[in-house]
Amino acid sequence: MVKIFATTFLMIFLGACTSKSSLEFPVSTKVKFAEKPKNIILLLGDGMGLAQVTAAVYSTYKKTNFEQFPVIGFQKTIASDNLITDSAAGATAMACGIKTYRNGVGVNPDTIPQQSILELAELKGFATGLVSTVTIIHATPAAFIAHQKYRNFYEQIATDFLKTDIDLFIGGGKKYFDRRDSDERNLIKELEQKNYVVANYFNNNLSSKLMDPNRNFVFFTADNHPLSKTQGRDYLPKAAKMSINFLKNRSKNGFFLMMEGSQIDWAGHSNEPIQLIDELSDFNQTIGVVLDFAMKNQNTLVIVTGDHETGGLAINPDSKMKKLDLAFTTNDHTGTMIPVFAIGPKAELFRGIYDNTEIYSKMIEAYGWNATN
Ligand code: MG
Ligand code: ZN
């Protein structure tokens with residue numbers, strides 16, 4: 001009883017905060033969305049379960065962007081070989097619509113490559129993009145474009161980026177493209193031969209380059225892993241804006257864009273509460289950038305979810321608003337269901353409790369595609 005009372009009290013307290021905000025919430029009630037989406041933006045918080053979202057919401061008096069979404073669901077993240085999944089199997093489920101084993105990237109349990117939604121979008125003449133705050137060949141982005149037995153086949157995953165005409169990708173991991181141990185190939189040269197502009201993300205005249213409609217683009221943010229947010233990395237919200245501005249004019253059909261708040265997971269693995277809140281705040285800011293576009297555009301379905309929970313995060317009894325006592329039960333992933341937030345045309349498909357593979361089938365349905373073609 002005491003707990004119920006405390007929860008109610010907290011909700012009233014949070015409600016009182018709402019009126020102080022300069023932002024008008026929820027934005028969704030004011031927008032008339034199209035019947036079906038032209039574009040889908042999938043935002044993945046790696047390792048982001050409900051406790052992480054709660055921590056983000058309670059770590060500030062401002063309303064977070066998570067609270068903007070009119071449709072909420074939960075996904076079951078079980079892998080084909082283990083109740084507790086990893087980022088490879090989790091992302092493969094959402095990218096390709098199949099359950100696979102831990103470590104498998106874009107392949108089924110028999111290691112047979114499975115077409116991803118990004119590859120399908122390319123075949124259908126849509127513009128496509130991937131953005132990550134770790135290396136671009138890491139499991140989450142990799143599952144949308146690569147097909148490898150093991151997630152740590154980084155150099156093989158890098159070669160798979162040449163097999164799909166993805167319009168734009170942004171992330172770390174340049175060394176896997178141009179300083180390879182397994183062969184002498186220079187994938188940056190090969191990308192350039194395929195009409196890509198390859199540049200350092202922090203080069204300051206990228207926007208003018210992006211105007212060229214005949215070129216595709218790769219922007220590296222680090223040789224290996226980008227910094228954590230706590231160490232000063234701040235590119236995700238800006239890269240989100242850049243990617244959307246670029247992709248929205250690329251194809252009359254529409255676009256598919258996946259962007260990852262990758263290091264939420266790492267903060268969970270290392271049980272670092274400050275880092276965790278910093279990464280979640282960066283991700284929340286990125287959601288804001290995406291919502292700004294989607295509310296004006298009205299043709300864009302936005303889905304925000306994670307692949308699994310990391311750390312067994314708990315918000316301990318001594319917690320206060322902005323002064324959370326965060327605790328962890330493990331350095332590993334856990335099996336809790338993962339919240340799914342959706343807004344825009346066909347967002348209602350994402351209500352309920354369903355398997356992670358349905359993130360794929362619901363996106364396919366929202367686009368109005370037939371999964372077999
Ligand atoms: Mg990841
Ligand atoms: Zn992890």
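The values are calculated or read from the model by the stated rules, or taken from the named source; none is laboratory data. Since the model is a prediction, treat every value here as computed from it, not as a measurement. All Cβ positions, glycine included, derive from the backbone under ideal geometry; neighbour counts span all protein chains shown. Surface accessibility is based on the protein's heavy atoms, side chains included, excluding ligands, DNA and RNA. Shrake-Rupley method; radii C 1.70, N 1.55, O 1.52, S 1.80 Å.
Condition test on ALA88, is it outside any loop (DSSP other than H, G, I, E, B) and either open to solvent by 30 Å² or more (accessible area, probe 1.4 Å) or not hydroxyl-bearing (Ser, Thr, Tyr) (or both)? The answer is yes for ALA88. Going through (1) surrounded by fewer than 24 Cβ atoms within 10 Å (Cβ to Cβ); (2) touching a residue at least 60 places away in the same chain (Cβ under 8 Å) one by one, GLN114 falls short only on (2). Scanning segment 302-319 for residues that are over 28 Å from VAL31 (Cβ atoms) and either of a type in the set (Gly, Ala, Ser) or away from ligand 1 (no atom under 16 Å from the Cβ) (or both) yields a count of 9. Scanning segment 108-148 for residues that are within 16 Å of ligand 2 (Cβ to nearest atom), touching an Asp or Glu at 6+ places or on another chain (Cβ under 6 Å) and not in a helix (DSSP H, G or I) gives a single hit, SER132. Scanning segment 31-59 for residues that are within 16 Å of ligand 1 (Cβ to nearest atom) and polar (S, T, N, Q) gives a single hit, GLN52. Going residue by residue through segment 55-75, is there one that turns out to be within 14 Å of ligand 2 (Cβ to nearest atom), within 23 Å of TYR360 (Cα to Cα), crowded, with 23+ Cβ neighbours inside 10 Å and touching a residue at least 24 places away in the same chain (Cβ under 8 Å)? No.
Is there a residue in segment 154-167 that is closer than 19 Å to PHE256 by Cα and loosely packed, with under 15 Cβ neighbours inside 10 Å? I'd like the intermediate steps shown before the answer.
Here is the first cut: in segment 154-167, the ones closer than 19 Å to PHE256 by Cα are 160-167.
Now restrict to residues that are loosely packed, with under 15 Cβ neighbours inside 10 Å: 163, 165.
Yes, there is a match, as at least one residue in segment 154-167 is closer than 19 Å to PHE256 by Cα and loosely packed, with under 15 Cβ neighbours inside 10 Å.
Considering only segment 92-105, I want to know if a residue exists there that is more than 21 Å from the chain's Cα centre (by Cα) and away from ligand 2 (no atom under 16 Å from the Cβ). The answer is no; no qualifying residue exists.
For segment 242-284, which residues satisfy the criterion of being within 14 Å of the chain's Cα centre (by Cα) and in a loop (DSSP other than H, G, I, E, B)? Across segment 242-284, the qualifying residues are SER262, GLN263.
Could you tell me whether GLU272 is in contact with a Ser or Thr (Cβ under 6 Å, 6 or more places away or on another chain), among the acidic types (Asp, Glu) and at pLDDT 95 or above?
Numbers: in contact with a Ser or Thr (Cβ under 6 Å, 6 or more places away or on another chain): no; among the acidic types (Asp, Glu): yes; at pLDDT 95 or above: yes.
For GLU272, the condition - in contact with a Ser or Thr (Cβ under 6 Å, 6 or more places away or on another chain), among the acidic types (Asp, Glu) and at pLDDT 95 or above - is not met.
Determine, yes or no, whether ALA239 is within 21 Å of GLY173 (Cβ to Cβ), open to solvent by less than 50 Å² (accessible area, probe 1.4 Å), in contact (Cβ under 8 Å) with a residue 40 or more places away in the chain and part of a loop (DSSP other than H, G, I, E, B). Full working, then the answer.
Details: within 21 Å of GLY173 (Cβ to Cβ): yes; open to solvent by less than 50 Å² (accessible area, probe 1.4 Å): yes; in contact (Cβ under 8 Å) with a residue 40 or more places away in the chain: yes; part of a loop (DSSP other than H, G, I, E, B): no.
When the stated conditions are applied, ALA239 does not pass them.
Filtering segment 260-284 to residues that are away from ligand 2 (no atom under 16 Å from the Cβ) and in contact with a helix residue (DSSP H, G or I) (Cβ under 6 Å, 6 or more places away or on another chain) leaves ASP282, ASN284.
Check whether at least one residue in segment 324-341 is assigned to a loop (DSSP other than H, G, I, E, B), open to solvent by less than 30 Å² (accessible area, probe 1.4 Å) and either under 20 Å from PHE66 (Cβ atoms) or within 16 Å of ligand 1 (Cβ to nearest atom) (or both), and report yes or no. No, segment 324-341 has no match at all. In segment 353-370, what count of residues is obtained for those that are small (Gly, Ala, Ser) and either within 16 Å of ligand 2 (Cβ to nearest atom) or surrounded by 13 or more Cβ atoms within 10 Å (Cβ to Cβ) (or both)? Total satisfying the criteria: 2.
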